[in-house]
1. In Å and on Cα atoms, what radius of gyration and Dmax does the chain show?
2. How large is Rg/Rh for the stretch 1-77, to two decimals, with Cα atoms and a Kirkwood Rh?
3. What is the spread of the Cα atoms of the stretch 215-308 along each of their three principal axes, largest first, in whole Å?
4. Between LYS9 and ARG298, 0.36 nm times their residue separation minus their Cα-Cα distance comes to what?
5. Contact order normalised by length for the stretch 34-168, with contacts defined as Cα pairs under 8 Å and 6 or more residues apart; what percent is it?
6. Taking the Cα centre of the chain as the origin and placing charges on Cβ (Lys, Arg +1; Asp, Glu -1), which of PHE240, TYR204, PHE8 is farthest toward the positive end of the dipole?
7. Looking only at LEU229, LEU66, LEU214, which one moves most when the chain is put into a Gaussian network model with springs between Cα atoms under 10 Å?
8. What lysines does LYS107 reach when the alpha-carbon gap must be under 26 Å and sequence neighbours fewer than 8 apart in one chain are set aside?
Amino acid sequence: MKYSAPVFKWQFLLPNYWGTLLLIALMYSLSLLPFKAQLKLGKAIGRFALGRMQKRSNTIRRNLELCFPEMSEAEKQQLIAENIENTGIALFETAMAWFWPDSRVSKHVTIVGMERLEALEREGKGALMLAVHSMNLELGARAFGIKKSGMGVYRPNNNPCFDYFQYQGRSRSNRTLIDRKDVKSMIHALQNGERVWYAPDHDYGRRRSTFAPLFAVEQACTTTGTSLLVNAADCAIVPFTMVRDSNDHYILTIHPSLEEYPTNCEIQAAAYTNKAVENSIMAAPSQYMWLHRRFKTRPEGEACLYNV
């Protein structure tokens with residue numbers, strides 16, 4: 001199985017990529033700051049940036065209204081404020097994941113449940129690592145990769161220079177990355193006992209998708225990729241969560257494999273997957289990426305749920 005990892009090109013030194021190189025240099029420099037300073041600065045940046053990006057802030061609120069209609073206004077306001085701060089911290093957590101040495105990552109992350117993957121490893125069974133887009137997903141994948149390497153599913157960035165650094169950062173402690181369109185490589189890896197990171201929680205459009213419940217939204221556009229991979233590779237489905245606790249320490253939990261996954265119906269499988277997604281989000285709802293328009297794709301004839 002061959003992977004085409006992006007390579008550094010001399011063209012990246014030309015002026016049209018100087019902005020990208022400056023951004024990468026800034027990320028590296030900020031990652032050197034003391035951890036507590038990074039958290040404080042991240043919160044401030046989150047409040048400053050999203051305070052001036054009203055559309056994104058409105059998306060966070062709308063998603064919470066749709067998912068938790070019984071939530072009080074005070075609870076929503078608190079969750080929105082924390083989520084905005086965590087959005088800023090995510091910029092630093094990405095830099096931590098890409099540039100911190102192994103020792104510094106391991107100091108701040110505790111992994112629970114690794115024995116579950118070791119049991120699957122002894123059986124030679126592949127594991128589809130069911131992720132959600134928590135703000136600290138990059139750091140979680142890096143911390144995991146230090147102990148057990150895996151393969152991440154990703155979308156190559158349109159900026160080839162940024163894509164190079166993104167690939168280098170994300171594969172630093174993991175084997176490689178697989179383009180999200182390369183389903184054959186995912187199946188092959190799982191069939192060979194590999195661990196593949198997969199996040200089915202976003203709205204990826206109508207292609208290879210169906211509609212299934214997610215929280216209080218009865219018709220959420222949900223990828224059928226999870227059931228496709230499980231059926232083709234006969235792999236285990238292993239949810240994991242990454243949570244920054246009240247002491248600002250990260251706990252990465254590898255949960256038990258999902259049992260009795262529906263294999264004969266894509267709609268039932270999507271609903272089952274979404275239940276696992278809900279559980280992962282609720283491990284730390286303020287640290288989830290609520291600014292994504294999760295319910296933008298609607299069934300035919302149904303109105304958009306967001307203000308255009």
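1. 19.3, 55
2. On the way: Rg = 19.5 Å, Rh = 16.7 Å.
So for the stretch 1-77, dividing Rg by the Kirkwood Rh gives 1.17.
3. Extents along the principal axes, in whole Å: 47, 39, 18.
4. Numbers: separation 289, 0.36 × 289 = 104.04 nm, distance 4.15 nm.
Full extension from LYS9 to ARG298 adds 99.9 nm.
5. Numbers: 78 pairs, mean separation 36.8, N = 135.
Taking the mean separation of contacting Cα pairs over the length of the stretch 34-168, I get 27 percent.
6. PHE8
7. Fluctuation is largest for LEU66.
8. LYS36, LYS40, LYS43, LYS147, LYS148
We did not get these values from a lab; they are worked out from the coordinates using the rules stated. In this text the structure is predicted, and so the values were computed from the model without any measurement. Glycine also receives a Cβ, built like all others from the backbone with ideal geometry; neighbour counts cover every protein chain displayed.
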